[in-house]
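Notes for the one structure printed next.
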Amino acid sequence: MKAVVYRGPRQVSVDEVPDARTEKPTDALVRVTATNICGSDLHMYEGRTDFEEGRIFGHENVGEVIEVGDAVDKVKVGDMISAPFNVACGHCRNCEEQRTNYCLRANKPGIAGAAYGFADMGPWQGGQAELLRVPWADFNALVLPEDARDKQDDYVMLSDIFPTGWHAVKMSGLLPGETIVIYGGGPVGNMAALSAITMGAAKVMVVDRHADRLRLAQQVGAIPIDDSRGSPVEQVMEQTNGLGADRGAECVGYQAHDPQGHEDNSLILNELVQSVRFTGGIGTVGVYVPQDSGGPDDLAKHGKTRFDFGDFWFKGQAMGTGQCPVKRYNRYLRSLIREGKVTPSWIVSHDLPLDQAPDAYKHFDAREEGWTKVVLHPDQAG
Ligand SMILES: [Zn+2]
Ligand SMILES: [Zn+2]
């Protein structure tokens, strides 16, 4: 099969590799029809993780089931499915408690949580390929309705970024009628904006500095805040009568940098503390890592930040962190898409065959104007 293979920092190639196959009776084999390039792929692409050369990227996958193991009895051959990026067993303590993001059995002992094609997230190959092995298929596969192919650019957002944006807003504690500031107008930040609006936020602000991303935020009904034109904290204060937003969402991650390009992993966290009101809540879904060999200083290299804990504590704020437990949300978000309430594909700028992945990675990694989200289609000829 063809697959997008990591070859070292800023190098991927589309290569012929051994076919994915069912290896256990609980597996399903999926022919991938839509698979996204994600911002978290870029951390690995840039060589900022210990992702191994030769591995396949891709954790946001939709496709058709073409084979199931003997122990799979719910998912059927011919089903179109969405695979949550979390690989989860379904019956460990964390899975039973709806924390599939911290499954205790899908990674090596001592590490909770697993994902397809992801650094430190277990042995699972990614879906930027013609075929994908889905383990514990009855638990992990979400069967899509009859419009799965027509709306696959919407449904493909169910693997990660739509639930992740939703999770950021949920962790912030947003109530209908409250205000929220979202830092980061990338795919996840814009999904957080869509989520907050869908949940009934009175005012949603999205902070970024890229015109194309801010336009998307505006299109979905958020107020764009350009942090290259002045302090985002002051702009949020102007929007909230000087009180700060009720809630905040962190959708940037450890490679945060100021408009001049200086990297500082505490920048966004501290801006959130400053721009959220006393006793407000913050949801942090941007990726932070325990080790970052490419970090700009010693603290960052060891995953530490200059977090303003004093202000955070003084203001009595709360913060939720970590990856999204996709299964907690995906069936409900699927119904919002099915019923036409949301169209998360509004952020998609490029639908491309798999062969064009190396070029797409280059453009997306450079945050080039107009490259807001790339969907690859391994079933389409290059
Ligand atoms: Zn992702
Ligand atoms: Zn589990």
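None of the figures in this text is laboratory data; all of them are computed from the coordinates on show. None of these values were measured; they are calculated from a predicted model. For neighbour counting, all protein chains shown are included, and Cβ atoms are generated from backbone atoms with ideal geometry for every residue, glycine included.
Quick look at the values:
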| quantity | calculated |
| --- | --- |
| Relative contact order %, region 1-89, counting alpha carbon pairs below 8 Å whose residues are six or more apart | 31 percent |
| Over the chain, volume per residue of the alpha carbon convex hull, in Å³ | 128 Å³ |
| A249 long-range amide H proximity, modeled H, under 5 Å | V181, I182, Y183, G283 |
| Mean residue ellipticity (222 nm) of the chain, computed from DSSP H runs ≥ 4 via -39,500 (n - 2.57), nearest 500 | -6500 deg cm²/dmol |
| Region 291-320 and region 52-113: distance between their alpha carbon centers, rounded to Å | 31 Å |
| Relative exposure of M171, M157, judged by other C-beta atoms within 10 Å (fewest first) | M171, M157 |
| Antiparallel DSSP beta bridges within the chain, percent to nearest 5 | 55 percent |
| Global form of region 263-372, assessed from the alpha-carbon gyration tensor, a/c cut-off 1.5 | oblate |
| Highest-MSF residue in the chain out of D70, D355, D264 [GNM, Cα springs under 10 Å] | D70 |
| Phi to ³J(HN,Hα) by Karplus 6.51 cos²θ - 1.76 cosθ + 1.60 over region 48-65, Hz, x for Gly, Pro | 9, 9, 9, 4, 7, 4, x, 7, 9, 7, x, 10, 10, 10, 10, x, 9, 5 |
| Packing rank of 204-215, 21-32, where each peptide gets the mean count of other beta carbons within 10 Å, highest leading | 204-215, 21-32 |
| Listed residues G126, T35, V143: farthest to the positive end of the dipole of region 1-147 (Cβ charges) | G126 |
| Exposure proxy order (Cβ contacts within 10 Å, fewest to most) of K170, K315 | K315, K170 |
| Student exercise, the chain dipole from Lys, Arg, Asp, Glu Cβ charges, in Debye to nearest 20 | 920 debye |
| For G303, distant residues with modelled amide H under 5 Å away | D292 |
| Placed amide H near A202: partners under 5 Å, 5+ positions off or other chain | G177, E178, T179 |
| Among L333, I161, P290 the positive-end extreme of the charge dipole of the chain (Cβ point charges) | L333 |
| The chain, relative contact order [Cα under 8 Å, separation at least 6], % | 18 percent |
| Dipole of the chain, positive end: most advanced residue of A318, I66, T22 [Cβ charges, Cα centre] | A318 |
| Net charge dipole size for region 82-225 [Lys, Arg +1 and Asp, Glu -1 on Cβ; Debye, nearest 20] | 400 debye |
| Kirkwood hydrodynamic radius of region 165-321, Cα pairs, Å | 15.2 Å |
| For region 151-252, size of Cβ-based charge dipole, Lys and Arg +1, Asp and Glu -1, in debye | 120 debye |
| Calculated from backbone phi, Karplus (6.51, -1.76, 1.60) coupling profile of region 69-77 in Hz, x at Gly/Pro | x, 4, 8, 8, 10, 9, 7, 10, 4 |
| Average Cα contact separation per residue, region 230-382, under 8 Å, 6 or more apart, as relative contact order % | 17 percent |
